[in-house]
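The values are calculated or read from the model by the stated rules, or taken from the named source; none is laboratory data. Being a predicted model, the structure only gives us computed values, none of them experimental. All Cβ positions, glycine included, derive from the backbone under ideal geometry; neighbour counts span all protein chains shown. Heads up: the accessible areas ignore ligands, DNA and RNA and are worked out on the full protein's heavy atoms, side chains in. Shrake-Rupley method; radii C 1.70, N 1.55, O 1.52, S 1.80 Å.
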Amino acid sequence: MNVDIAVVDYGMGNLRSVSKAIEHVAPSASVAVTSDPQVIAQAGRVVFPGQGAAPDCMREIDARGLRQAIVDAARSKPFLGICMGMQVLFERSEEGDTACLGILPGDVQRFPREAMHDAAGNKLKVPHMGWNDVHQAMQHPLWAGIEEGARFYFVHSYFVQPAAADVIAGFSHYPFPFTCAVASGNIFAVQFHPEKSQNAGLALLGNFAIWQPGAAAPAAALSGAICA
Amino acid sequence: MLAKRIIPCLDVTHGRVVKGVNFVELKDAGDPVEIARRYNEAGADELTFLDITASSDDRDLILHIIEAVAAEVFIPLTVGGGVRVVGDVQRLLNAGADKVSINTSAVLNPQLVKDASDRYGSQCIVVAIDAKRVGDHWEVFTHGGRKATGLDAIEWAKKMEALGAGELLLTSMDRDGTKSGFDLALTRTISDAVGIPIIASGGVGTLQHLVDGVREGHADAVLAASIFHFGEYGIREAKEYMRQHGIEVRL
């Protein structure tokens, strides 16, 4: 069966929230939570969520034989990475010194202990947990209708450092600026949880459900960005 | 800037929300799905459900409630109460919980915290600590505050962080239900002793108590039940008050 939106299930985290949120904003779309490479290959769009630790995520992806299907989807159709599903798109994570999928150039780093205090000297906790402002670094169809600086819900201890600044679609501060959204061709990926970010998050998922990457810009090379 | 969170807490038994005053006297405050929807619309940052159902026969009721809430409320949901084994964590996550709170079972079997966080990630494991002042220190209690454990609350908090807790829900059993404010010394001492976020709980009676919990208690989030359930204050009103007092909130 061909589905409109496949949510990749590799045993890492709460996928029900993701699929329910998508069904909520795209009631006419068929949504499948799946670990079947065939279903992913035939889906119109792919959502790649994930929670937990990078080494476990990579191990589970390979244990389920999903690596190729994920890489192929990221190269060919509207693709939304969420949280760990964003981090493992990059080359390497400091978490367990893990080789990741290498679809986007750059790496994943931990919030450095020595930097974790605010301007007044108060300690900042890790994980970075809660609602933070997201600043839009480029115009993008997935930001449509979402206010600049809107708050999204985050839970993470690591963040991505893209090698190329032109893929940075959004950033947040904790306490320094860090990349929390990237866009490259048909890929959009976010560190925060749109499925848990109430109206702003639902708007982003709704935008993804109708996004036509080719229509907004020519299908860019993986290193290129959509910059309007 | 990261906002301080306001988390309404819904005590649930037999499918209904109640609030324990000192964990004994219970009042019915309504239907969990309806309340969750209302709090979501009012701007709650997260919701916590504590399943206080006594008999294990009725435990599955909470799964249905979480499923129903998760289908229409898109903010983080934490569920606690009766979590004994890793399989309980899995069932709650599958039903739609984003975080699972472990209390008594963490004391009986600290390895559960490690196993669950190893398996599902620290981000979804909250350890609930019920602390009571005993002499010159705070001691961990279990079973709704009835059983002393002999554990020092500060050492216990550090141990839970080391075993993989992603967050601590800290309740002062001395203050719970009293409406006299958080135990600020307890909250601050534990918040400063660990690197993970602290949710302060127990004793909220006024909006100033929420401000004090953040500013004096160094809490990352504040949890309250009765002041919101019975309409004494609204979530938005609470957030506006906090903002007026210099606290970053999501409005």
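Are any residues in region B:75-120 polar (S, T, N, Q), open to solvent by 40 Å² or more (accessible area, probe 1.4 Å) and more than 9 Å from every other protein chain (Cβ to nearest Cβ), and if so, which ones?
Correct list: B:GLN90, B:ASN103, B:ASN109, B:GLN111.
Limited to region A:27-66, what total is found for residues that are basic (Lys, Arg), in contact (Cβ under 8 Å) with a residue 12 or more places away in the chain and closer than 15 Å to A:GLY85 by Cα?
Final tally of qualifying residues: 1.
Give just the number: which of (1) touching a helix residue (DSSP H, G or I) at 6+ places or on another chain (Cβ under 9 Å); (2) open to solvent by 30 Å² or more (accessible area, probe 1.4 Å); (3) modelled with pLDDT of 95 or more; (4) not polar (S, T, N, Q) does A:HIS173 not satisfy?
If we test A:HIS173 against (1) touching a helix residue (DSSP H, G or I) at 6+ places or on another chain (Cβ under 9 Å); (2) open to solvent by 30 Å² or more (accessible area, probe 1.4 Å); (3) modelled with pLDDT of 95 or more; (4) not polar (S, T, N, Q), just (1) comes out false.
Filter region B:195-250 down to residues that are surrounded by fewer than 22 Cβ atoms within 10 Å (Cβ to Cβ), farther than 19 Å from A:LYS125 by Cα and either touching a Pro at 6+ places or on another chain (Cβ under 6 Å) or among the basic types (Lys, Arg) (or both), then give me how many there are.
Residues meeting the conditions: 2.
Across region A:96-111, what is the total count of residues that are within 14 Å of chain B (Cβ to nearest Cβ) and either farther than 25 Å from B:ILE199 by Cβ or assigned to a strand (DSSP E or B) (or both)?
The total comes to 2.
State whether the residues of region B:175-187 include one that is within 14 Å of chain A (Cβ to nearest Cβ), hydroxyl-bearing (Ser, Thr, Tyr) and surrounded by 24 or more Cβ atoms within 10 Å (Cβ to Cβ).
yes
What tally of residues in region A:6-26 results from selecting those that are in contact (Cβ under 8 Å) with a residue 60 or more places away in the chain, more than 9 Å from chain B (Cβ to nearest Cβ) and surrounded by fewer than 24 Cβ atoms within 10 Å (Cβ to Cβ)?
Matching residues across region A:6-26 total 2.
Could you give every pair whose Cβ atoms fall below 7 Å, whose first residue belongs to region B:190-203 and is of a type in the set (D, E, K, R), and whose second residue is open to solvent by 10 Å² or more (accessible area, probe 1.4 Å), counting only separations of at least 6 or pairs across chains?
Filtered contacts from region B:190-203: B:ASP192/B:HIS218.
Here is a list: A:GLY145, A:GLY121. Which entry is in a loop (DSSP other than H, G, I, E, B), within 14 Å of chain B (Cβ to nearest Cβ) and open to solvent by 10 Å² or more (accessible area, probe 1.4 Å)?
Of A:GLY145, A:GLY121, the one residue that is in a loop (DSSP other than H, G, I, E, B), within 14 Å of chain B (Cβ to nearest Cβ) and open to solvent by 10 Å² or more (accessible area, probe 1.4 Å) is A:GLY121.
Checking A:ALA73 against (1) touching a Phe, Trp or Tyr at 6+ places or on another chain (Cβ under 7 Å); (2) in a loop (DSSP other than H, G, I, E, B); (3) more than 14 Å from every other protein chain (Cβ to nearest Cβ); (4) hydrophobic (A, V, I, L, M, F, W, C), only one condition comes out false. Which one?
The single condition A:ALA73 does not satisfy is (2).
Filter region A:163-180 for residues that are in a strand (DSSP E or B) and either closer than 19 Å to A:ALA144 by Cα or within 13 Å of the chain's Cα centre (by Cα) (or both) and give the result.
Listed by number, the residues that qualify are A:ILE168, A:ALA169, A:GLY170, A:PHE171, A:SER172, A:THR179, A:CYS180.
Collect the residues in region A:198-210 that are within 11 Å of A:VAL18 (Cα to Cα) and either under 12 Å from the mean Cα position of the chain (by Cα) or open to solvent by less than 20 Å² (accessible area, probe 1.4 Å) (or both), keeping them in residue-number order.
A:GLY201, A:LEU205
Identify, please: which residue in region B:83-103 is in a helix (DSSP H, G or I) and of a type in the set (Gly, Ala, Ser) and is, among those, nearest to A:PRO49 (Cα to Cα)?
Looking at the filtered set, the residue picked out is B:ALA95.
Which of (1) open to solvent by less than 50 Å² (accessible area, probe 1.4 Å); (2) in contact with a His (Cβ under 7 Å, 6 or more places away or on another chain) does A:GLU195 not meet, given it meets every other one?
(2)
Restricting attention to strands (runs of 3 or more DSSP E) lying wholly within region B:1-74, give those where 1 or more residues are within 14 Å of chain A (Cβ to nearest Cβ) and modelled with pLDDT of 90 or more.
Correct list: B:5-13, B:47-51.
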